[in-house]
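Here is the structure we will look at.
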Amino acid sequence: MKAPARLPRWAEFGLLPLVNLGAALLISGAVIRLIGESPWAALRLMVAGAFGAQDSIGYTLFYATDFVFTGLAVAVAFHAGLFNIGGEGQAYVGGLGVGLVCLACGSLSPWVVIPLGIAAGCVFGAAWALVPAWLQARRGSHIVITTIMANFIASALMTYLLVNVLIKPGQQSPETREFGPGAVMPAVDVVLGRIGIRFAPSPFNLASLLALAACLLVWIFIWRTRWGYALRVVGHNPRAAVFAGISPPRTILVAMLISGGLAGCLGVNELMGSQHRILLDFPGGAGFVGIAVALMGRNHPLGILAASLLFGALYQGGSELSFDMPHVNRDMVVLIQGLVILFCGALEGVFRAPLAALLGSRDGAGQP
Amino acid sequence: MDAYRELILLLAATIRVATPLVLASLGGLFSERSGLVDLGLEGKMLAAAFASAAVSAATGSAWLGLGAGVGAATALALVIAFACVTHRGNQVVAAMAVNIIVAGLAPTLALAWFDQGGQTPQLEGPGQRFLGIAWPGALLARRHPFPGLAYAELLSGHNLIVYLAAALVPAGAWVLYRTRFGLRLRAVGENPLAVDTAGISVNALRYQASIISGALCGVAGTYLSTAASAGFVRDMTAGKGYLALAALIFGKWRPYPTLAACLLFAFADAGAARLQGVSMPVIGVIPVQFIIALPYLLTILLLAGFVGEAVAPKAIGVPYSKER
């Protein structure tokens, strides 16, 4: 393989993602023009919709919290050379764990229920990643295929459980009953209200602190522990890992379990923080947004945090947009998400070489 | 007699459900045998379903719709090929990107052009759809259910695309195993270096395979919106592209076993619709969701090596680079 052109660090982690994002937004703008609306007006409306008021900021941060979890999930697997497309299914099943704890212990103190719920989300999400992980590690079955299949199985399983088992009796829509008072992750506006700061109500809740903690822990794990080192070695070169005494199968299992556990935390934000019940398809594609977030954030927690904010703003701004532009709705955001994956993931080499030429190759000295 | 009638109707439904799977998995067969992971089946099909319904609604011609569907899906296949073959990008990422792009773009355009909440208008005019073709004597044959009903329901009465799909499987198998192009295609999926050494362009072969896959997905998507139903609706493929991929793996990347897998999955699907709430002897009511999940469970079991062994093309997913 020809080595890809090298860029200085600031360009690798700052400029290149921005150039790729710019390309994605440019094409999105062309589509908006094509359907007869003004791209500039759309952009202004989106920014205002995402950051214009306290509650819209709250929604933006709420969505961003979802994407931090799924983005970290994709990134941890990426560092081990694995492409975990199963974030959606792992988040869905993880939410089942969160929800079951909340339904069972909702009357207990939040100090008990919230840690239990987080733990259950991690365990259920990790369990859903375990089968594809084990098959990849021991049998060499391609993890991309098995995690896709696992997504569909998760969807069928959850539909079955919600329609036949967990549904609140005497109700038509497949949802569980509401969680008890102890199983509510406090909203940020409530917490701020208690210390005398007024903030407009929104689903933005304390699960965002968990997301920040997860970013820190993932950073420590990947770059400051022996396990994380092993993970990166396996990701770069599994054969070298064997010679270094690292077991690739075990490392794959660890990476995927952590990845599934992180995805499973989505339920803490969505269910404990906002919906207060389990309902059909609550991840709503957040697992796939995680792919875009991880690619754009270069698999680094800080980058993922920034990319999550961007996508949170896109989601919130996109739903506001549909009020003012009847021809543009959240589908537009799905399009942007796909374009970001295309340019930051598959086509990132297209801009890399010209950028490297532009900046001069001698700047590459900063690279390890 | 009732059981016989039920069985014939079930098999006829199986054929209808299987058609898009057969076409898409045949397309996937070509690109995967050339060494490209084809996760983009879903997106290419969805794009074709939208393009064909939109053009058919606008022009009143299902044939122009078919052309647009094939064109749209092939264009996307070329986008993926450009990213993965020319720029050696990650094939899984490129395909997922295209799937997500189409999931957003198709309803956006539908909303803007037709103003019906993200779908195309109902295709009701003459010539806007591919309708069933009654074979000679089909009506007469119904009077003698055995074997007339089988003739009328299984052989006769399908639309053109169903027959096309049935013909394309042997044609595809012939191309893959009996022509020089097929030999080179299979070789490039196993050992591209050898093909390159023989002076044949690896990239050209992979582009050709991508175009074939795109065209077949185009026909499959057109079938969904202009033959099996009357118009495009949001998320119309609903995972059929991934199901076709599962069938391709379950068929071990070979044409006829893949066809069999498509028929098996379609049979399960058609059966699920009929078994809803029906109590079976011994096992009781089978949850529909179990039957929906069955193809994916079977594929995972196969990949795990519990049901035979699936050996993928050796060079699949690995970008080819001349410089070493």
- Once you list every other residue whose beta carbon is under 15 Å from the beta carbon of A:SER173, what net charge do they have if Lys and Arg are +1 and Asp and Glu are -1? 0
- Message: Loop only by DSSP, 15 or fewer other Cβ within 10 Å of the Cβ. Give me the trypsin sites (Lys or Arg not before Pro) in the stretch A:1-71 that pass, ordered by residue number.
- Response: A:LYS2
- Message: Placing one identical point scatterer on every Cα of the protein assembly as shown and ignoring solvent, what is log10 I(q)/I(0) from the Debye formula at q = 0.06, 0.11, 0.12 Å⁻¹?
- Response: -0.35, -1.23, -1.46
- Against the rule of thumb 2.2 N^0.38 Å, how large the Cα Rg of the stretch A:1-142 comes out: 1.44
- Message: Need one value for A:159-166: mean number of C-beta atoms belonging to other chains within 10 Å of its residues' C-beta atoms.
- Response: 2
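Taking Cα pairs under 8 Å and at least six residues apart, what relative contact order does the stretch A:194-254 come out at, in percent? If you can, show how the numbers build up before the last one.
On the way: 24 pairs, mean separation 11.0, N = 61.
Once normalised by length, the contact order is 18 percent.
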- Message: Can you work out the Karplus-derived ³J(HN,Hα) for every residue in the stretch B:213-228? Use 6.51 cos²θ - 1.76 cosθ + 1.60 with θ = phi - 60°, whole Hz, and x for glycine or proline.
- Response: 4, x, 4, 5, 4, x, 5, 4, x, 4, 4, 4, 9, 10, 10, 6
- the stretch B:37-96, Rg to Rh (Cα coordinates; Rh as Kirkwood inverse mean 1/r): 1.10
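Could you list A:ILE222, B:ILE200 in order of exposure, starting from the residue whose Cβ has the fewest other Cβ atoms within 10 Å?
B:ILE200, A:ILE222
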- Message: Over the Cα atoms, compute the radius of gyration (one decimal) and Dmax (the largest Cα-Cα distance, rounded to a whole number) for chain A, in Å.
- Response: 21.1, 70
- Item | Taking N as its residue count, the alpha carbon Rg of the stretch A:15-99 over 2.2 N^0.38 Å | 1.43
- Note on the structure: Whole-Å distance linking the alpha carbon centroid of the stretch B:61-111 with that of the stretch A:259-293 is 28
- Relative contact order (%) - the stretch B:2-238, alpha-carbon pairs under 8 angstrom, separation at least six: 39
- Note on the structure: Exposure proxy check on A:MET149, A:MET46: fewest-to-most Cβ neighbours within 10 Å is A:MET46, A:MET149
- Let me know the charge dipole size of the protein assembly as shown about its Cα centre in debye, to the nearest 20, where only the beta-carbon of Lys, Arg (+1) and Asp, Glu (-1) is charged. 1840
- Task: Normalise the Debye intensity by I(0) for the stretch B:85-190, one equal point scatterer per Cα, no solvent, then take log10 at q = 0.21, 0.22 Å⁻¹ and round to two decimals.
- Result: -1.05, -1.08
- For the stretch B:135-161 and the stretch A:42-98, compute the distance between their C-alpha centroids and round to whole Å. 53
- Under a 5 Å amide H to amide H cut-off, with H placed in plane at 1.01 Å, what residues pair with A:ASN205 once short-range neighbours are removed? A:VAL188
- With everything on Cα atoms, drop me the angle between helix B:62-81 and the longest principal axis of chain B, reported from 0 to 90° to the nearest 10. 30
- For the stretch B:200-324: rounded, prolate or oblate by the Cα gyration tensor [a/c cutoff 1.5]: oblate
- Working from Cα positions, state the angle (0 to 90°, nearest 10) between the long axis of helix B:288-303 and the longest principal axis of chain B. 30
- Task: Would you list which aspartates and glutamates come within 13 Å of B:LYS252, measuring only between C-alpha atoms, while excluding same-chain residues fewer than 8 positions from it?
- Result: B:GLU32, B:GLU309
- Item | Estimated vicinal HN-Hα couplings, Hz - the stretch B:144-156 in sequence order (Karplus 6.51, -1.76, 1.60; Gly, Pro = x) | 10, x, 10, x, x, 4, 4, 4, 5, 8, 8, 8, 8
- Each residue of the stretch B:20-27 in order: what ³J(HN,Hα) in whole Hz does its phi give by Karplus 6.51 cos²θ - 1.76 cosθ + 1.60, θ = phi - 60°, with x for Gly and Pro? x, 5, 4, 5, 5, 5, 5, x
- Task: Stick to the Cα atoms of the stretch A:63-113, pair each with every other, and give me the Kirkwood hydrodynamic radius in Å at one decimal.
- Result: 12.6
- Message: With Kirkwood's inverse mean 1/r over C-alpha pairs for Rh, give me the Rg to Rh ratio of the stretch B:2-238, two decimals please.
- Response: 1.04
- Item | Between 0 and 90°, nearest 10: helix B:255-275 axis offset from chain B longest Cα axis | 40
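Fewest first, what order do A:ARG277, A:ARG138 take by the number of other Cβ atoms within 10 Å?
Taking fewest neighbouring Cβ atoms as first place, the list is A:ARG138, A:ARG277.
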- Query: If you average the sequence gap of Cα pairs under 8 Å that are 6 or more apart and divide by the length of the stretch A:65-303, what percent do you get for the contact order?
  - Reply: 43
- Query: Which far-off residues, 5 or more places away or on another chain, put their amide H under 5 Å from the one on A:GLU175, with H placed in the peptide plane?
  - Reply: A:LYS168
- Over the stretch B:25-67, the quotient of the Cα radius of gyration and 2.2 N^0.38 Å is 1.44
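Work through the residues other than B:GLY117 whose Cβ is under 12 Å from its Cβ and net out their charges, Lys, Arg +1 and Asp, Glu -1.
-1
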- Query: When you take every Cα atom in the stretch B:78-147, what is the radius of gyration, and what is Dmax, the widest Cα pair distance, in Å?
  - Reply: 21.7, 61
- Note on the structure: If each K or R counts +1 and each D or E counts -1, the residues other than B:TYR320 whose Cβ falls under 10 Å of its Cβ total +2
- Cross-link pairs A:LYS168/B:LYS44; B:LYS240/B:LYS322; B:LYS44/B:LYS314 - those with Cα-Cα distance over 28 Å: A:LYS168/B:LYS44; B:LYS240/B:LYS322
- Note on the structure: Percent of all alpha-carbon pairs of the stretch A:251-305 at distances over 15 Å, whole number, is 59
- Alpha-carbon Rg/Rh ratio, for the stretch A:200-327, with Rh computed the Kirkwood way: 1.06
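We did not get these values from a lab; they are worked out from the coordinates using the rules stated. Predicted model, so just to flag it, every value in this text is computed and none were measured. We place every Cβ from the backbone using ideal geometry, glycine too, and count neighbours over all the protein chains shown.
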